[in-house]
């Protein structure tokens, strides 16, 4: 490989490196290309620290070109769903989630052996490109990276690092300095276009924030709505909760996103042992049509129970609209909860 430094930030200069290894501006240590692959669906370049290998590494920087029409947030949700399916104790969060640009982070302390790693802490960004998407991810082979590493790479990936062309990495050893400079100039031009688009997007997001606040107020009013005429006025309130990374109930809320994996319903319940308890999840209407029963769960009540718990999960996007969940004991409706689902990214 020619002795040159590969500056991945778009405004940085490419120049000679005494060691011949690659460097990323903002990161003090060197990288080497450990593995490259290219097929009709994905092109991947993996960088490791000198002396490490794909079989034995601590830090890894991955550039992945994904060829297709999937949006970055769809790709990120696929990563999240596969991770939680194989590593249920993992924690996954979004730093920002826009239609064309996603910054995510996950921590995994252990997975099924077939998933390929025992523990990993990763920060990644996925942005939309003309012919697909680009994913740039920094990871350590540990369930928790140091605060200094996490701060550094969150800052780098949230800047312009992820907009760099991975072709520069794949071909760095074969390109002349003028060719690299020309490529860097082209990337700066593309970056300026992205900057202008982001400015327009910021204005739209401000308006969507306002609409989102109105939507959340509407969802709260809907969740607190009185029972329908003719129903019992003594119905208990069923609370709806997000699903945490470990699968347990999280924060109570009345509005969910279409990309959420599901939700928990909780309600304190004192019923006779052996009572027949049924939980009915009902779609009341919206983009997918009129009212319909989407899930129904039955159970026999045990004397040791004091709280009813019901988990609703989806394999695909949750239909946008309004829902209610009903708790029925021995044929009598005793509880109801209402919530709404909005399209992910619609209001920030």
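At q = 0.15, 0.19 Å⁻¹, work out log10 I(q)/I(0) for region 224-342 with the Debye formula, treating every Cα as an identical point scatterer and leaving solvent out; two decimals please.
-0.67, -1.06
Would any residue of region 72-98 have its amide N under 12 Å from a label point 7 Å out along Cα→Cβ of residue 141? List them or say none.
Within reach of a label on residue 141: no residues.
Roughly how many nanometres apart are two label points built 7 Å out from the Cα toward the Cβ at residue 244 and residue 57?
3.2 nm
Kirkwood hydrodynamic radius for region 266-328: how many Å is it when counted over pairs of different Cα atoms?
Result for region 266-328 stands at 13.0 Å.
Every read-out reported here was derived from the displayed coordinates using simple, explicitly stated rules and does not represent laboratory data. Everything numeric here is computed off the predicted structure, so don't read it as measured data. Glycine also receives a Cβ, built like all others from the backbone with ideal geometry; neighbour counts cover every protein chain displayed.
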